Every structure is written in structure tokens, then in C-alpha cells.
Amino acid sequence: MFKDDQHLTEKQKGILAAATELFAEKGYAATSTSEIAKKAGVAEGTIFRHYKSKKDLLLTIVSPTMIKVISPMVKKDINKVLDKEYDTFQDFLRAMIANRITFVKKNTSLLRIFIQELPFHEELKKQVIEQIGKDVLERLREVIRHYQGKGQIIEMHPDTIIRVAAASTLSYILAKYVVFPEADWDEEAEIERMIQILSDGIAVKNSD
């Protein structure tokens, strides 16, 4: 991730790579700068010559990644789904969930850092909202209104439906790829159950 950045020295690249791996594996709070230095093969003092603090190191990893890599990647990947027309809301959900799972598989280490540290660092929250949240949220609202207009899902505030669907998807992804990565789950069946539960809750009921 950092090896092609010409603005970094080889030592900085090693420090950032080591910190990324350790933050993802152990969490920010449980990782010491001495561990990062040991893994990077440098003296601990070398870290502080380049970065003011461990938090500065975290933000150096996350900020450029959010701006240069994660944000465009998230938007580009999501747009692959949002730019298509699906006959049913269930088909849209199926495509969106599969899209997010593919993204997570490709970026597991970085996403672990975001998931672990986002609640505790206001700077990261602001970056997520500014770089990803606003644009994606508005497009998702349009999708919800589209299927409401087709009479497929109930008239409810789009943000509520988005939160419920996002929470279900995120909880599955966290369980499968972060908390229990070795679990032998039938992913296709799990996704279909999740779609069924979501659909049953927000689908328009036919009155007899």
C-alpha cells in the first residue's frame, strides 16, 4: 500500500506497513511504539523522528488511505451497484451485499483499523462523513424512493430503511470477516436469510 509512495523514505514505508499490520491485528490501544519499531526493524526513536505520537502515526495511515484509496474505491464500487437498474428491491439488496463483501475481502486489514478506532477518534469520523457518507447516503435515498415509488417497500423515511439494512449487512460482515473469520458459514444461505428478514420487515403487504 505504501511502497509506491515516492514521498516516503524506506524507513517510513516500513514503519507504516508495520503499524498497519499491528493496529489491524491487536488494535491501536494495545499496540506499543516499541512493537511497531521491532516489526519495522528500526529503533523506537526513529518513529518519533518521523511522527509526533502514536496517534499521529495512526492518522498518517488512515488519512491518506481514506482520501486516496478507500474513499474513491468505496464510491466506485458502490456506484457499480447504484448505476444499475434492478427489478426488485431484493435484487438490489443482493447485489449491494455481495459488493460490500467483495470490498471487505480485499481490504480486511485497513477496515479492521477503521472499525476498531472509528468510535474513539473524532478525526476519523469526520473523514468518513466528508469523504464517503454524504455522497453515498444521498444516492441510497434515491434508490429507496425509487422502490417506494414502484410500491415494493413501505412509505417510511429512507434514512430509517438505510440504517436498518446497513446495520444488518455490517453486523454480518463484522461477524464473518472480523470476529469469526474461521467460521464455516454457508455465505449464500446467510445472505438470502438476511434479505428475507429485511424484505419481510419493509415490504408492502398485499391486503386481501
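Just so you know, all these numbers are worked out from the coordinates, no wet-lab data involved. Predicted model, so just to flag it, every value in this text is computed and none were measured. Here the Cβ is made from the backbone with ideal geometry for all residues, glycine too, and neighbour counts use every protein chain on show.
Results, tabulated for the structure shown:
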read-out: For peptides 156-163, 168-175, sequence by mean Cβ density within 10 Å, most packed first; value: 168-175, 156-163
read-out: Under Karplus coefficients 6.51, -1.76 and 1.60, residue-wise ³J(HN,Hα) of the range 17-32 in Hz, glycine/proline x; value: 5, 5, 5, 4, 5, 6, 4, 5, 7, 10, x, 4, 5, 8, 9, 9
read-out: Residue exposure sequence - D186, D77 - by fewest surrounding Cβ within 10 Å; value: D186, D77
read-out: Residues with amide H under 5 Å from that of I153, placed H, sequence gap 5 or more; value: Q148, V204
read-out: Sparse-neighbour loop sites [GluC sites (Glu not before Pro); the range 135-208; at most 13 other C-beta within 10 Å; DSSP]; value: E155, E182
read-out: Relative contact order computed over the range 1-51 (Cα-Cα under 8 Å; 6+ residues apart), in percent; value: 34
